Structure formats: C-alpha cells, structure tokens
Amino acid sequence: MANVPNLFIVGAPKSGTTALWSYLGDHPDVFMAGKEYHFFGSDLAHNQVRVPATTETYLRFFDGAAGQRYRGEASVGYLCSTGAAREIHEFSPDSRIIAILRNPVDMMHSLHSEMLFQGDEDIAEFAAALDAEHDRKEGRRIPPACQGLWTLFYRDIARYADQVERYFDVFGRQRVHVIVFDDFKADPGNSYREMLEFLELDPDARPEFPVVNANKVARSAATVKLLRRPPSAFRRVAHMVVPSQHLRRSLGRRLQSMNTVERSRDPLPPDLRRSLQIELADDVERLGTLLGRDLSAWNATPSRGQNDGTTPST
C-alpha cells in the first residue's frame with residue numbers, strides 16, 4: 001500500500017496537538033494529513049451510529065504525500081483508547097508516536113470548554129459536568145447533539161499513566177516521544193527541535209511558533225445547536241435553497257466562524273482544583289515514574305498570576 005501513515009500524534013486533548021500537527025506539517029520531510037480522523041480506536045464510545053471508514057477511504061487522506069519520509073495524522077482519542085495503540089501497530093508497525101500531555105486538571109477544564117463550544121456538551125458548569133459522568137456512562141443525560149460520547153468522560157481521559165504505558169508496551173519506548181505541555185509552552189523551539197531529533201530529521205528554522213487553537217466560546221448556544229443538529233424542516237429548506245453540499249458546508253463554517261469569539265476561561269474554583277488534584281495524584285505520580293521526571297508541579301496550588309488555564313492555549 002502506498003503512502004501508509006507512519007507518524008501519529010495521539011493527544012491528550014487540548015494539550016497542543018493542533019500546534020504540533022501544524023508545525024510538523026510545515027517540515028519538508030513530513031506530510032501531515034488532517035486531524036481527528038479516529039480511524040483507529042474502535043473501543044471509543046459514540047452517541048450516534050458511526051460507519052467506520054474503509055482502509056481505502058482512510059488512505060486517500062494521504063494521497064497528497066510526495067515522497068516525504070513521514071506521513072502523519074493527529075487524533076486525540078488515540079491516547080485514551082484502550083485499543084488504538086495495538087490497532088495502529090497492526091496497521092503500520094514501524095510508525096513513530098508523539099504524545100503531548102498537559103496538567104490533567106487543566107486539560108479537563110479546557111476540554112469541557114471545547115465540548116461546550118462544539119455543542120457536544122450541554123452542562124455549562126464544569127463541576128456539574130463532572131458529576132454527570134456516572135449517569136452518562138449508564139446512558140443517561142447524553143446531550144442530543146453529542147457525537148463522540150467518550151469526550152464527556154473527562155476523568156478517564158485525564159488518567160495518562162495507563163495510556164502512555166500501552167504505547168510503550170506496543171511500540172517500545174524508542175518509537176514513542178512524550179512531550180510535557182509545560183515544556184512546550186515555556187520553550188516551543190526546544191520542544192520542536194527535540195521532536196525532530198526523535199524523528200531523525202534535520203532541524204529546520206522556525207522563527208515563530210504562533211498560538212494555535214486558542215480557547216473559543218460561542219456567541220449563541222442556539223446557533224451551535226442549529227448547526228450541529230438542525231431540525232428536519234431546516235435541512236429541507238437548506239437543501240432546496242443551496243443544492244450544493246460543498247457550498248452548504250462552506251456556509252456552515254462561515255456561520256460557525258461568525259458565532260465564535262476567542263476568550264479566556266474563568267479560573268477553576270480552588271476547592272474544585274484541589275479535589276481533582278487529590279483524585280489524580282496517584283496517576284500523576286505513576287506517570288512521573290514512567291517518564292522519569294518530576295511532575296509534582298501539576299499538584300501544586302497555582303500562585304497568583306500563574307496560568308490557570310485561563311489564557312488562550314494551543
């Protein structure tokens with residue numbers, strides 16, 4: 001098979017995957033297809049019937065490759081999936097894996113904001129959304145417009161240790177490169193160079209590392225619902241007025257853009273942050289041992305003025 005992918009950015013969500021995907025895609029020896037294909041990860045729960053892509057359809061995403069050493073994609077669900085590592089290895093055993101991990105409490109908070117923006121989440125208060133996780137795993141309180149049900153299981157996504165260990169076990173540590181978001185944010189140039197060294201690519205000069213995929217909120221929740229799950233009557237009228245599917249999608253993206261504003265998130269209440277830190281402390285410690293580095297800062301109380309996930313982030 002020609003142009004089989006051999007590079008995967010696997011997550012975690014809201015941790016810089018879009019930035020890594022964008023920066024790597026500019027390297028002459030790397031062809032990055034799109035994001036969030038989720039061709040692998042058959043165990044991930046979905047709220048709607050999902051027709052899996054065929055291998056032929058999936059490989060078409062890489063038709064634009066023209067002899068680059070690496071052909072890659074990025075899908076954040078591949079990290080928390082219990083099956084994606086094995087499925088990727090069976091499909092492309094010589095692949096390289098890049099994982100980027102963010103403070104799990106900040107990641108959950110940011111992911112909740114993103115799911116609200118997309119229309120997959122309908123509980124505006126983060127603490128209340130966390131309280132709904134048990135019901136949602138039992139099939140209750142599922143937002144009608146939600147597509148990837150797994151994205152609402154915030155705590156599962158935040159437990160990184162097992163997720164990273166799966167990739168180490170399946171691919172071997174030499175084929176898995178783990179980036180800590182704190183390092184990436186503090187010095188993106190150095191993280192980028194280390195990533196190229198892992199891929200055994202010549203470093204290319206990047207004078208700038210712009211913020212990618214900043215925190216977004218919707219101006220109107222009603223517009224989000226209309227675009228994500230339009231009533232049948234609206235769909236019929238839209239098909240009659242705009243017969244071209246391509247043009248309808250273009251107009252939809254335009255409406256979504258008009259309904260979007262970049263805005264910092266409100267900081268987490270200190271009590272909620274501390275509660276989640278305590279809940280995840282054992283997993284953070286185990287991950288630190290796995291990676292051979294001290295991650296105790298993730299369990300520290302943010303000082304005044306320290307980033308609490310409230311500034312736009314990649």
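The values are calculated or read from the model by the stated rules, or taken from the named source; none is laboratory data. Quantities reported herein were computed from a predicted structural model and do not represent experimental measurements. Methodologically, a virtual Cβ is constructed for each residue, glycine included, from the backbone with ideal geometry; neighbour enumeration extends over all protein chains shown.
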Quiz item: For region 78-153, which helices (runs of 4 or more DSSP H) that fit wholly inside it have 3 or more residues that are without any contact (Cβ under 8 Å) to a residue 60 or more places away in the chain?
Solution: 126-131, 133-137
Practice problem: Could you grab the pairs with beta carbons closer than 9 Å, sequence gap of 6+ or different chains, first residue in region 278-296 and free of Cβ contacts under 8 Å to residues at least 60 places away in the same chain, second one in a loop (DSSP other than H, G, I, E, B) and buried (at least 16 other Cβ atoms within 10 Å of the Cβ)? | Solution: Glu285/Leu295; Gly288/Leu295
Quiz prompt | Residue satisfying all of: in region 36-77; assigned to a loop (DSSP other than H, G, I, E, B) and of a type in the set (Lys, Arg); modelled with the lowest pLDDT among these | solution = Arg50
Practice problem: Take Phe126 and decide whether it is surrounded by 19 or more Cβ atoms within 10 Å (Cβ to Cβ), at pLDDT 95 or above and farther than 30 Å from Thr301 by Cβ. | Solution: no
Quiz item: From the list Ala161, Ala129, which one is closer than 14 Å to Leu111 by Cβ and aliphatic (A, V, I, L, M)?
Solution: Ala129
